[in-house]
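Report on the following structure.
Every read-out reported here was derived from the displayed coordinates using simple, explicitly stated rules and does not represent laboratory data. This one's a predicted model, so the numbers in the text were calculated from it and none came from an experiment. Here the Cβ is made from the backbone with ideal geometry for all residues, glycine too, and neighbour counts use every protein chain on show.
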Amino acid sequence: MRQSWDMKVQPNFCPTPPSLPSIHGMSPLFLVCSSRLKGSLKYFSGPCSVMRNNDVKEVIAMKNNNSVAMPTKESASGEELSAESYNYCICDTCKVGNIDDAMTLLAQMESLGCRPNYSSYTSLIEALLNVGRTLEADALFQEMVCFGLKPRLRLYNIMLRGLLKKGLLGLADRVLKMMEELGVSRNQETYEILLDYNVNAGRLEDTWSLINEMKVKGFQLNSFVYSKVIGLYRDNGMWKKAIGIIEEIREMGIPVDKHIYNSIIDTFGKYGELEEALEVFSEMQQQGIRPDIVTWNYLIHWHCKSGKLSKALHLLAKMQEKGFYPDPKIFITIIGGLAEQGKWDTIKENFEIMKSWGHKESGAIYAILVDIYGQYGKFQDAEECISALMSEGIRPSASMFCVLANAYAQQGLCDQTVKVLQLMEAEGIEPNLVMLNVLINAFGVAGKHMEALSIYHLMKENGISPDVVTYSTLMKAFIRARKFDKVPQIYNEMESSGCTPDRKAREILQTALIVLERRHCKSDISGESRLMLLN
């Protein structure tokens, strides 16, 4: 793991601005944030010059292949560029996604004794969160507060979404506390961000608390909120109650939209009610609601999980006919299922269909995943795999790295799974909760339960809150290692952390308890036998 994992963000580290030490106007906090610049940070002397509108014209963004022309520290007249010029370029560079260039501009700007304005801070924080560089975004957020810039509600929501997406509950709670102290009221978006996290984390009580708070404050319980409630019931084994909410929604006059239909399809699929899921799928189309990529993914995923691969492939073909690009995560399920049955010809046919639809990017990923599953063996090395994707013009994202890591993990290729994590970090993408769960799974499949446990401890040390998947995957790793006595301990930790165990977690616990009970019975019988022999 790289050094940035060991950064400790202190909750009250920020002194008043006048006492904040600096080097040429650059705060120590920013020096930490700029550690990624790898030597590009430069120090210049001299005060920031007066703002000049002419400078802005000289550094206007030159958009070409998603890049922005980087300004020099001096204008054509030999004078230093103004703060306005730098702020303009930082915002524009963030818009096209060149966050490293934006951070370089920020370093140059602060070296001249200037500070970014509110728009620059907001653009930088949002761009950093978009690429998973959460700790840097949080550091900049705290820095802007230190310098007296009061965040607006939109920025608070951006921070909450980014932090909760990475499972950084402690930092998110600090943001909420700051909002409360400064009298910033939550809006509909704030509540929806918090609901999304709590449902995905399986926090039943916290979810209902938020919903009740929304009702008291007069916020509308829209289709998004109800779709989350359905998901919560689904994940807690109350799928019939989840379906029953539909009647409540209709009685309240809330239209059943795509969010609701997708949640119902996912609920039916999870509990093996595939015919009902297809009926709902048909109904939503009859109501004039066009299925999206999420709808297709749910249907294909649950048909694969139920062993109905022919129907899953039929749905995959239909999805492509409708112009949707297949989700690489679905490829793992399909390829894995077909590979187990030795149906490589079917895999090849499906690949040819995909190419005929012109899905070049998805086709390249599909081919590499097939290779990882053992058909050719060319990409058994993760580095070669990433290089091949980049040569096809595919820029690996956090999601893509997770897909590849999951493929290696399912094959028990633990070293390659770790290498994917290292390559992900080399691209400047911080490992997220999904990636770390995949890594725990890889160690578990490889029979390295202590390594899996070390990842779990590392997550907690770095402020990443484990979710239900984390605990379930860790319990499975100990069951594979036949360390059944450790499973109830992990389960208890899950409950004490505030995660509501789902059906899968409860089933794993039950398996461990049955084995432990049998061992206990055998031990008692063995003890009685020894007493009989002695007598």
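Here are the numbers:
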{"quantity": "Isotropically averaged projected area of region 236-368, using the convex hull of Cα atoms (one quarter of hull area), nm²", "calculated": "8.6 nm²"}
{"quantity": "Extended-chain gain in nm, criterion 0.36 nm per residue less alpha-carbon gap, Ala364 and Val294", "calculated": "23.1 nm"}
{"quantity": "Sites Ala426 and Arg480, calculated FRET efficiency, Cβ-Cβ separation with R0 30 Å, nearest 0.05", "calculated": "0.50"}
{"quantity": "Inter-site label distance for Ser454 and Arg152 at 7 Å from Cα along Cβ, in nm", "calculated": "4.8 nm"}
{"quantity": "For peptides 505-517, 308-320, sequence by mean Cβ density within 10 Å, most packed first", "calculated": "308-320, 505-517"}
{"quantity": "Virtual spin-label span in nm between Arg518 and Tyr325, 7 Å along Cα→Cβ", "calculated": "4.8 nm"}
{"quantity": "Set Lys166/Lys343; Lys343/Lys483; Lys348/Lys476; Lys241/Lys270 screened for pairs whose C-alpha atoms are more than 26 Å apart", "calculated": "Lys166/Lys343; Lys343/Lys483; Lys348/Lys476"}
{"quantity": "Relative packing of peptides 208-218, 483-493, 128-138 - highest average C-beta neighbours within 10 Å first", "calculated": "128-138, 483-493, 208-218"}
{"quantity": "Two-decimal Rg to Rh for region 386-503 - Kirkwood Rh, Cα set", "calculated": "1.01"}
{"quantity": "Estimated FRET transfer efficiency when R0 is 22 angstrom, pair Glu275-Glu248 (beta carbons, to 0.05)", "calculated": "0.35"}
{"quantity": "For region 187-291, alpha-carbon Rg relative to the globular expectation (2.2 N^0.38 Å, N residues)", "calculated": "1.05"}
{"quantity": "Gain upon complete extension [Leu176, Gln188; 0.36 nm per residue less C-alpha separation]", "calculated": "2.9 nm"}
{"quantity": "Tail fraction, Cα-Cα pairs, region 116-157, threshold 16 Å, whole percent", "calculated": "23 percent"}
{"quantity": "Projected area averaged over orientations for region 311-457, convex hull of C-alpha atoms, nm²", "calculated": "8.8 nm²"}
{"quantity": "Two-decimal log10 I(q)/I(0) for region 82-185, as the Debye equation yields it once each C-alpha is a single scatterer, q = 0.12 Å⁻¹", "calculated": "-0.38"}
{"quantity": "Overall dimensions of region 367-413 as given by Cα atoms, namely Rg and Dmax in Å", "calculated": "10.0, 28"}
{"quantity": "Calculated FRET value between Lys311 and Arg395, using beta carbons and R₀ = 30 Å, to 0.05", "calculated": "0.35"}
{"quantity": "12 Å cut-off, amide nitrogen to a point 7 angstrom out along Glu493 Cα→Cβ, residues in region 441-473", "calculated": "450-461, 466-467, 470-473"}
{"quantity": "Projected label distance in nm at Phe351 and Ser387, using a 7 Å step from Cα toward the beta-carbon", "calculated": "2.0 nm"}
